[in-house]
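Structure, as structure tokens:
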Amino acid sequence: MESTQLDNPVWHALNGRHRHLAEVCGVVRRYPAACAPFIAVPAADVPLDDEVLRRGEGAAGAYFLGVLPQDLPAAWRFRSRSAVLQMVPPRQAALPDGAITVSELGPADHRAMLSLAQLAFPDFFRPRTCELGTYLGIFADGRLVAMAGERMAFDGFQEISGVCTHPDHLGRGHARRLTQALLQRHRGLGLESFLHVSEGNTAARRLYEAMGFSVRAALPMGQLETIV
């Protein structure tokens, strides 16, 4: 699988299947803060000005992924910079077993999804993140204990995201089962899957590598903040 869209996934999602959600501020595109903390530009050498970044909800705290602007206005800087591994699955991924029921999550599950995500992704899973795609979950005794879903999307590609399991239910294969279910869904829709893992998240990387995923690229990520 190869596509230059994957090198700048936020930009292509907000100019593709998530165009209806995009907040457009000059050359900048960003998700509503309640959906996802991502912002994007089409190229690293695009000039930015302070007014564009402050327009609307503002970009403070938002993350560029893949393509980071070379020059920021004087009142802005990157609070942090890191690398994110973009991983892609094998052509023939294993199918989920039927030992545990995987359920599609809906509006009635939103509160439980937010509570679960806060344990793993306190900055990245927001009140409206579930609007970005389909989310699947596993329940135990009526309680949501694991979930995984879809986030960035553009022509032919769909990101797997939000994969998390409650600490009391780790080691039972829930993350693998949910990821396999999403891979199966994407195959049925004719979509190529991809996901992102923090470079320092070795446990998640080992899981995906055991499933046959490989690293396509190490993408830079930078979080914005205002100096004044």
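The values are calculated or read from the model by the stated rules, or taken from the named source; none is laboratory data. Nothing here was measured: the structure is a model prediction, and the numbers come from that model. Note: ideal-geometry Cβ built from the backbone for every residue, glycine included; neighbour counts use all protein chains shown.
The table below lists the values:
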| item | result |
| --- | --- |
| Conditions (1) under 30 Å from Glu51 (Cα atoms); (2) charged (D, E, K, R); (3) in contact with a Phe, Trp or Tyr (Cβ under 6 Å, 6 or more places away or on another chain): number failed by Glu192 | (1) |
| Any hit, segment 38-49, residues being more than 21 Å from the chain's Cα centre (by Cα) and assigned by TED's automatic domain parsing to the domain that holds Ala148 | no |
| Boolean, His12 is over 30 Å from Gly173 (Cβ atoms) and not in a loop (DSSP other than H, G, I, E, B) | yes |
| Among (1) under 16 Å from the mean Cα position of the chain (by Cα); (2) buried (at least 23 other Cβ atoms within 10 Å of the Cβ) - the single one Cys35 does not satisfy | (2) |
| Residue within segment 105-114 that is farther than 23 Å from Ser198 by Cβ and basic (Lys, Arg) present | yes |
| In segment 12-32, residue nearest to Val67 (Cα to Cα) [restricted to those that are buried (at least 20 other Cβ atoms within 10 Å of the Cβ) and under 15 Å from the mean Cα position of the chain (by Cα)] | His12 |
| Options Phe213, Phe157; residue that is of a type in the set (Phe, Trp, Tyr), in contact with a Phe, Trp or Tyr (Cβ under 8 Å, 6 or more places away or on another chain) and under 29 Å from Leu68 (Cα atoms) | Phe157 |
| Leu65 vs. criteria surrounded by fewer than 20 Cβ atoms within 10 Å (Cβ to Cβ) and either over 17 Å from Met221 (Cα atoms) or touching a helix residue (DSSP H, G or I) at 6+ places or on another chain (Cβ under 7 Å) (or both) | no |
| Subset of segment 38-62 (residues that are out of contact with any Leu (no Cβ under 7 Å at 6 or more places or on another chain), among the aliphatic types (A, V, I, L, M) and exposed (fewer than 15 other Cβ atoms within 10 Å of the Cβ)) | Ala43, Val46 |
| Residue, surrounded by the fewest Cβ atoms within 10 Å (Cβ to Cβ), within segment 169-228, restricted to residues that are within 16 Å of Gln92 (Cβ to Cβ) and among the hydroxyl-bearing types (Ser, Thr, Tyr) | Ser214 |
| Arg143 among the charged types (D, E, K, R), modelled with pLDDT of 95 or more and closer than 30 Å to Thr226 by Cα | no |
| Selection count, segment 81-102, where residues are touching a Phe, Trp or Tyr at 6+ places or on another chain (Cβ under 9 Å) and either part of a loop (DSSP other than H, G, I, E, B) or surrounded by fewer than 15 Cβ atoms within 10 Å (Cβ to Cβ) (or both) | 4 |
| Yes/no for Arg151 being more than 19 Å from the chain's Cα centre (by Cα) and at pLDDT 95 or above | no |
| Single residue of Leu136, Leu144, Leu114, Leu119 found to be over 13 Å from the mean Cα position of the chain (by Cα), part of a helix (DSSP H, G or I) and on the phi < 0 side of the Ramachandran plot | Leu114 |
| Failed criterion for Ala60 (all others in (1) of a type in the set (Gly, Ala, Ser); (2) touching a strand residue (DSSP E or B) at 6+ places or on another chain (Cβ under 6 Å); (3) closer than 22 Å to Glu159 by Cβ hold) | (3) |
